[in-house]
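The values are calculated or read from the model by the stated rules, or taken from the named source; none is laboratory data. Fair warning: this is a prediction, and the values are worked out from it, not measured in the lab. A quick note on method: Cβ atoms are made from the backbone with ideal geometry, for glycine too, and the neighbour counts reach across all protein chains shown. To get the accessible areas, we keep the full protein, side chains included, count just its heavy atoms, and leave off ligands, DNA and RNA. Shrake-Rupley method; radii C 1.70, N 1.55, O 1.52, S 1.80 Å.
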Amino acid sequence: MNDEVRGLSRCAAIVGIGHTDWRADYQCTRRGEKPNDATGYGALAFKAALADAGLTREDIDGLIVGPTTAYERMAEVLGLDVRWGGAADAAQAVMQACLVIYAGLAETIALVYGNDQRSAAVSYGGSDAAYGAEYLSYIYHAPWGLTSQGALYAMTFQRYMQERNFSARDLGQVAVAQRQFASLNPNAIMREPIHIDDYLASRYICEPLRLLDYCLVNDGGVALIITHSDKARRSPHPPAFIHGIGRYDLNVGATSLEPRLTNFYLSAQQEAARRMFDMASVSPSEVDALQVYDSFSCHVPMALEGYGYCAPGDAARFMQVDGIGPGSRLPVNTSGGHLSESYMQGWNHQIEAVRQLRGECGKRQIAGCRFVHYCADVAGKAMSVLYGH
């Protein structure tokens, strides 16, 4: 890795975090109320993040929004004229912000996400699923005739279970562990503890995935303020420095689902991990908590293997012996994740990473937390971010 790339390490840090009241938002939508649209949720989160960072709107010279809102409209609502702007998902937004700051194209960037997916009755399956027919032809329908992301991951994980000798009880450990963390998190939507028998008794949505393997669908907003490391050191809270980033895409064969079905993203995850850990000069053994994009629980065992926390085929043993819940050596999705805290499409995982590093997580706090790893695997693309002091 050349010196220019290594120079990205710790060039930027998160200094402000904010989000809406996901529990209250959820209760409103359950009553049929719609207190906000996606842009409004993002604006509320932005206001909270600015206050957390001790900054004003005039300090912001960059804006990256989540793909669920229009960049121009969000900038208009927030009253921001900026030097750099765009849209990206959670991991790519953090990476892009680091690159922009490192290049000197902006100094302090707001990352703003809002989603009204529940109150707007957004569909993630079927012929009218979200994001349009062109996107569906790639992800859902071609060539298998699958009509939802759940069906796609069900097929992927059915093969994984057979090849890895991985059982339903093994998979259930993910939902149980994350609900344990959620029970300790006042922001989590689903806080009632569950046990493995509850998991095994839950109905299949698309076998082998059960109801408790699926993420929530809820409204809300998240915002992050990322700034240059020099400025971050003057912030009111301990900065969460971005020590390393990594990405690797498996595009060949992607429209036939081949990368998912033959190696479960393993090679992409391994390469993204290598790049991130090399940039940070950190090893997996030094990571104190892992935050995994968990639209479905099966992301977790695949990530444990792909990012070097256990050998391929060893995830079941790792979860049984080492554990992934409270008190374990490598706690995973310490807020409850998408399964139990909130489905903010990876954005809430960034909030949790920062809070763990600040020591603000109360009963679920990881003692002596120094490094938190976030990873996401979507459509053959592996993305990885390492946060730390």
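List the longest stretch of the chain that has no exposed loop site; here a site is one of the GluC sites (Glu not before Pro) assigned by DSSP to anything other than H, G, I, E or B, with at most 15 other Cβ within 10 Å.
Result for the longest clean stretch: 34-359.
Can you work out the accessible area per residue across the chain, with the rest of the protein chains kept in place, probe 1.4 Å, in square angstrom?
On the way: 14770 Å² over 389 residues.
Value returned for the chain: 38 Å² of accessible area per residue.
Calculate, for Asp230 and Leu99, the FRET efficiency according to 1/(1 + (r/R0)^6) with r their C-beta to C-beta distance and R0 25 Å; round to the nearest 0.05.
For Asp230 and Leu99, the calculated efficiency is 0.90.
Determine one quarter of the surface area of the Cα convex hull of the stretch 243-389, which equals its mean projected area, and express it in nm² to one decimal. Walk me through the numbers on the way to the answer.
Numbers: hull surface 32.5 nm².
Hull-based average projected area comes out at 8.1 nm².
Connecting C-alpha atoms closer than 10 Å in a GNM of the chain, tell me which of Ser297, Ser285, Ser335 has the biggest fluctuation.
Greatest mean-square fluctuation among the candidates belongs to Ser285.
Rounded to the nearest percent, how much of the accessible area of the stretch 248-341 (1.4 Å probe, protein heavy atoms only) is carbon and sulfur?
Solvent-exposed carbon and sulfur of the stretch 248-341 make up 51 percent of the total.
I'd like to verify something in the chain: which complete DSSP H helices, judged by Cα projection on the helix axis, reach 24 Å or more and average at least 1.0 on the Kyte-Doolittle scale?
Within the chain not a single helix satisfies the rule.
In terms of the Cα gyration tensor, with a ≥ b ≥ c the square roots of its eigenvalues, is the stretch 183-307 rounded because a/c is under 1.5, prolate because a/b exceeds b/c, or oblate?
Taking the square roots of the gyration eigenvalues as a ≥ b ≥ c, the stretch 183-307 is oblate.
Roughly speaking, what is the stretch gain from Ala51 to Ser281, that is 0.36 nm per residue apart minus the C-alpha to C-alpha distance, in nm to one decimal? Don't jump to the answer; show the numbers that get you there.
Numbers: separation 230, 0.36 × 230 = 82.80 nm, distance 3.28 nm.
Net length gain for the segment: 79.5 nm.
Report the gain in length on full extension from Gln320 to Glu163: 0.36 nm times residue separation, minus Cα-Cα distance, nm rounded to one decimal.
Full extension of this stretch gives 54.7 nm more.
Please list, by residue number, every one of the trypsin sites (Lys or Arg not before Pro) in the stretch 257-349 that is coil in DSSP and has at most 13 other beta-carbon atoms within 10 Å.
Sites meeting the loop and neighbour criteria: Arg329.
Restricting to DSSP H runs of at least four residues, report the calculated mean residue ellipticity at 222 nm for the chain, -39500 (n - 2.57) per run over all residues, nearest 500 deg cm²/dmol.
Rounded to the nearest 500, it is -11000 deg cm²/dmol.
How large is Rg/Rh for the chain, to two decimals, with Cα atoms and a Kirkwood Rh?
So for the chain, dividing Rg by the Kirkwood Rh gives 0.94.
Considering just Cα atoms, how many Å³ per residue does the convex hull of the stretch 1-70 enclose? Don't skip to the answer; put the middle values down first.
Working: hull volume 10.3 nm³, N = 70.
So the per-residue Cα hull volume is 147 Å³.
If you stretched the chain out fully between Ser267 and Ala201, how much longer would it get, using 0.36 nm times the residue separation minus the C-alpha to C-alpha distance?
Here the segment from Ser267 to Ala201 would lengthen by 20.3 nm.
Could you compute the net charge surrounding Arg355? Neighbours are other residues with a C-beta less than 12 Å from the C-beta of Arg355; K and R count +1, D and E count -1.
Values: positive: Arg358, Arg364; negative: Asp52, Glu341, Glu352, Glu360.
Net charge in that neighbourhood comes out at -2.
Can you send over the carbon and sulfur percentage of the accessible area for the stretch 1-132, probe radius 1.4 Å, protein chains only?
Whole-percent figure for carbon plus sulfur exposure: 48.
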